[in-house]
Amino acid sequence: MSTDSNWIVATGQIWKLYIALAGFLGALACFTLALYSLTTGGNRFSAFTGSGLFLGAATFLWMTLALRCPHCLVKLVWTMVATRPHSSWLIDLAALDRCPVCDCSLTERR
């Protein structure tokens, strides 16, 4: 996957995927800290678990609303989740070379 053939990179939205990755890694860190808190008495297990759930859900919601086609303004994440298998929607999203709704390619100008 080269950067000039990836639709998300070409539309300047790759930073949104990086922000989402950071959010999901933060949620994973919260869950890790929750498990670690169990070994030290468990007083903060609920707080870390709740924080991880909130951060993960908020990150997914933000990613769903933020990543859009600049031509038809479709929500790309939601479109991919709704039309692709659960095991491959994220891979398909990262490998886009055209909008899955309006079929706008990298070379088209509107």
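General remarks:
- Any hit, the range 36-46, residues being in contact with a Phe, Trp or Tyr (Cβ under 7 Å, 6 or more places away or on another chain), surrounded by 15 or more Cβ atoms within 10 Å (Cβ to Cβ), at pLDDT 85 or above and not basic (Lys, Arg): yes
- Thr107 meets each of the listed conditions (1) within 18 Å of Asn6 (Cβ to Cβ); (2) at pLDDT below 90; (3) surrounded by 12 or more Cβ atoms within 10 Å (Cβ to Cβ) apart from (3).
- Number of residues in the range 59-75 that are in contact (Cβ under 8 Å) with a residue 40 or more places away in the chain, out of contact with any strand residue (DSSP E or B) (no Cβ under 9 Å at 6 or more places or on another chain) and not in a helix (DSSP H, G or I): the value is 1.
- Applying the condition of being in a loop (DSSP other than H, G, I, E, B) and surrounded by 13 or more Cβ atoms within 10 Å (Cβ to Cβ) to the range 76-96 and asking which residue is modelled with the highest pLDDT yields Arg84.
- Taken together, Gly42, Gly12 contain a single residue that is at positive phi and either in contact (Cβ under 8 Å) with a residue 12 or more places away in the chain or within 20 Å of the chain's Cα centre (by Cα) (or both), which is Gly12.
- Each residue in the range 47-73 was checked for being under 27 Å from Gly12 (Cα atoms) and either acidic (Asp, Glu) or loosely packed, with under 15 Cβ neighbours inside 10 Å (or both), and 7 of them qualify.
The values are calculated or read from the model by the stated rules, or taken from the named source; none is laboratory data. From a predicted model like this one, the values you see are computed outputs, not experimental measurements. FYI the Cβ positions are ideal-geometry reconstructions off the backbone, even for glycines, and counts take in every protein chain you see.
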